[in-house]
Amino acid sequence: MIPFQLHRICTIMKPEKGNEFEVEGVLNPGVTRGPDGELYLFPRLVAKDNYSRIGIARVLFNEAGDPIDVERLGVVIEPNADYEKRPNGGGGCEDPRITYVECVEHYIMTYTAFGPNGPRIAMARSKDLFTWERMGLVQFSPYEDVDFTNIDDKDSSFFPIDLPSPHKHKSMAMLHRPLFPETTPEETIKKEDNREIDKHKESIWISYFNLTKGKQTSLENAKFTSHHCLAHPVYPWENLKIGGGAPPILTKHGWLVIYHGVQKHKDAAEGESKFTYSAGAMILSEKAPQKILYRSHEPILTPELRDETIGTVGDVVFPTGTDRRDDIGQPNRIDVYYGMADSRIGVAKMEIPETIPLKQ
């Protein structure tokens with residue numbers, strides 16, 4: 001039995017008819033509770049020609065406490081910086097993840113800036129969720145023979161508290177997934193099923209930013225170091241690629257990370273999606289998140305509904321946000337918000353199990 005099981009609640013957001021900002025989809029939202037206790041969704045809004053903005057919406061609940069709809073509140077970030085704009089006039093602010101990081105007393109948004117050099121990790125901060133200050137592109141120090149400079153990077157998110165780096169420095173810790181050449185699903189699908197995994201170049205990484213001046217540390221163009229290769233593809237459901245998902249959330253077992261994996265679509269017809277994107281779960285050690293305590297042998301959510309199998313990119317469930325339901329007195333309930341076929345947004349719920357089988 002899989003200890004973490006997701007049960008769908010609804011498709012909570014679809015493109016709004018007549019809204020030019022959403023003609024190509026609403027997807028992959030950041031999710032967080034605001035200072036007012038309300039739950040806010042930060043969807044990627046895709047206009048014509050894949051021009052992406054980041055919106056803001058308030059989540060609406062029914063009497064039972066289940067999310068049922070959203071109230072659109074506008075746009076918080078759109079391509080304005082040079083690193084967000086493409087030479088052809090396009091641009092991309094994509095796939096936000098949001099965490100309130102206690103040690104710097106700000107909400108931190110990481111998002112994919114799709115600019116002239118391809119996808120890169122950008123960072124912004126806010127006190128109130130409505131006004132955001134750009135912190136620029138994330139920078140990296142080199143690691144052994146791995147150089148993150150000028151490499152595409154995505155799927156980044158922060159832990160909500162400061163953590164000691166491997167060198168025992170008080171740090172902000174960030175998960176991210178560099179996309180080295182030959183590590184995209186389009187490239188790995190051409191290789192044998194039993195291919196040798198390049199563990200350095202096909203992994204989710206955890207990197208650290210030293211808080212030298214505590215909460216006064218400047219985050220502008222922050223340089224991350226003390227890199228650790230956290231996880232690479234292991235199981236069949238993720239054998240083409242793994243990547244980050246929702247920001248880590250602390251549970252009684254450790255840090256819960258809902259991530260994504262990609263495998264070859266077994267029954268794809270000509271012209272259909274060749275890939276299946278599914279969601280899995282990891283538990284990382286509370287004090288030393290470089291250590292994986294548990295990892296899904298099987299996915300906890302796979303594309304099954306029409307909204308998940310048919311869309312801009314079919315056969316995709318892509319988790320990007322979580323909400324622990326302290327608001328209704330259920331701290332062991334986690335709601336997971338996810339992109340559906342790169343077109344819509346779904347939400348599912350899980351209960352944190354009493355026990356988990358530890359990773360051998």
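The values are calculated or read from the model by the stated rules, or taken from the named source; none is laboratory data. What you see is a predicted model, and the numbers here were worked out from it, not measured in a lab. As a convention, Cβ positions derive from the backbone with ideal geometry for all residues, glycine included, and neighbour counts pool all protein chains shown.
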Completion exercise
The correct count of residues that are surrounded by 18 or more Cβ atoms within 10 Å (Cβ to Cβ) and either without any contact (Cβ under 8 Å) to a residue 12 or more places away in the chain or closer than 12 Å to I98 by Cα (or both) in the stretch 132-151 is 1
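Kindly evaluate K170 against the criterion of being basic (K, R), in contact with a helix residue (DSSP H, G or I) (Cβ under 9 Å, 6 or more places away or on another chain), modelled with pLDDT under 95 and surrounded by fewer than 22 Cβ atoms within 10 Å (Cβ to Cβ). Before you say what the answer is, go through the steps one by one.
On the way: basic (K, R): yes; in contact with a helix residue (DSSP H, G or I) (Cβ under 9 Å, 6 or more places away or on another chain): yes; modelled with pLDDT under 95: yes; surrounded by fewer than 22 Cβ atoms within 10 Å (Cβ to Cβ): yes.
Yes.
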Fill in the blank from the handout: Residue pairs qualifying under the 7 Å Cβ cut-off, at least six apart or on distinct chains, with the first in the stretch 282-294 being outside any loop (DSSP other than H, G, I, E, B) and the second being of a type in the set (F, W, Y), are M282/Y259; M282/Y294; I283/W255; I283/Y294; L284/W255
Problem - the stretch 65-84 residues that are closer than 28 Å to D153 by Cβ and of a type in the set (S, T, N, Q), paired with ones that are in a strand (DSSP E or B) and at pLDDT below 95 (beta carbon under 9 Å, 6 or more apart) - result: N80/G91
Problem - Y337, sole failed condition from (1) closer than 22 Å to A47 by Cβ; (2) assigned to a loop (DSSP other than H, G, I, E, B) - result: (2)
Exercise for the section: Exactly one condition in (1) in a loop (DSSP other than H, G, I, E, B); (2) under 25 Å from C229 (Cβ atoms) is not met by T322; state its number. Expected result: (1)
Completion exercise
Log entry, pairs with first residue in the stretch 209-231 being on the phi > 0 side of the Ramachandran plot, second being loosely packed, with under 11 Cβ neighbours inside 10 Å and outside any strand (DSSP E or B), beta carbons closer than 9 Å, six or more apart or on different chains, reads S226/H167
Exercise for the section: Count, please, the residues in the stretch 157-180 that happen to be out of contact with any Leu (no Cβ under 7 Å at 6 or more places or on another chain) and more than 18 Å from E238 (Cα to Cα). Expected result: 12
Handout entry: Odd one out for G65, checked against (1) small (G, A, S); (2) surrounded by fewer than 23 Cβ atoms within 10 Å (Cβ to Cβ); (3) within 23 Å of E20 (Cα to Cα)
Key = (3)
Exercise for the section: Mind listing whichever residues of the stretch 337-360 are under 17 Å from R295 (Cβ atoms) and modelled with pLDDT of 95 or more? Expected result: M350, I352
Handout entry: Residue list for the stretch 101-134, filter: closer than 23 Å to H227 by Cβ, at pLDDT 95 or above and either among the hydroxyl-bearing types (S, T, Y) or in a loop (DSSP other than H, G, I, E, B) (or both)
Key = T110, Y111, T112
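Mind telling me which of the residues L129, L73, L39, L45 ends up being more than 21 Å from the chain's Cα centre (by Cα), of a type in the set (A, V, I, L, M) and either farther than 27 Å from I151 by Cβ or buried (at least 22 other Cβ atoms within 10 Å of the Cβ) (or both)?
Result: L73 is the single residue among L129, L73, L39, L45 that is more than 21 Å from the chain's Cα centre (by Cα), of a type in the set (A, V, I, L, M) and either farther than 27 Å from I151 by Cβ or buried (at least 22 other Cβ atoms within 10 Å of the Cβ) (or both).
Against the condition in contact (Cβ under 8 Å) with a residue 60 or more places away in the chain and either within 30 Å of E38 (Cβ to Cβ) or assigned to a strand (DSSP E or B) (or both), how does P331 come out, does it pass? Talk me through it step by step, then tell me what you get.
Working: in contact (Cβ under 8 Å) with a residue 60 or more places away in the chain: no; either within 30 Å of E38 (Cβ to Cβ) or assigned to a strand (DSSP E or B) (or both): yes.
No.
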Problem - From the options E308, E286, E304, residue that is out of contact with any Lys or Arg (no Cβ under 9 Å at 6 or more places or on another chain) and either crowded, with 19+ Cβ neighbours inside 10 Å or among the acidic types (D, E) (or both) - result: E286
Exercise for the section: Starting from the stretch 166-177, take each residue that is at negative phi and of a type outside the set (S, T, N, Q) and list its partners that are surrounded by fewer than 16 Cβ atoms within 10 Å (Cβ to Cβ) and assigned to a strand (DSSP E or B), counting only C-beta distances under 7 angstrom and pairs at least six apart or across chains. Expected result: K170/P164
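Pick out, from the stretch 2-97, the strands (runs of 3 or more DSSP E) lying fully within it that include 1 or more residues that are more than 19 Å from D307 (Cβ to Cβ).
Values: elements: 7-13, 26-33, 39-47, 51-61, 67-77.
Strands (runs of 3 or more DSSP E) meeting the threshold: 26-33, 39-47, 51-61, 67-77.
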Completion exercise
Within the stretch 13-32, restricting to residues that are over 12 Å from T312 (Cα atoms) and of a type in the set (G, A, S), the one that is surrounded by the most Cβ atoms within 10 Å (Cβ to Cβ) is G30
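If I filter the stretch 257-265 for residues that are farther than 18 Å from H232 by Cα and either surrounded by 19 or more Cβ atoms within 10 Å (Cβ to Cβ) or modelled with pLDDT under 95 (or both), do I get at least one hit?
Keep residues of the stretch 257-265 that are farther than 18 Å from H232 by Cα, which gives 265.
From what's left, either surrounded by 19 or more Cβ atoms within 10 Å (Cβ to Cβ) or modelled with pLDDT under 95 (or both): 265.
Yes, the stretch 257-265 contains at least one residue that is farther than 18 Å from H232 by Cα and either surrounded by 19 or more Cβ atoms within 10 Å (Cβ to Cβ) or modelled with pLDDT under 95 (or both).
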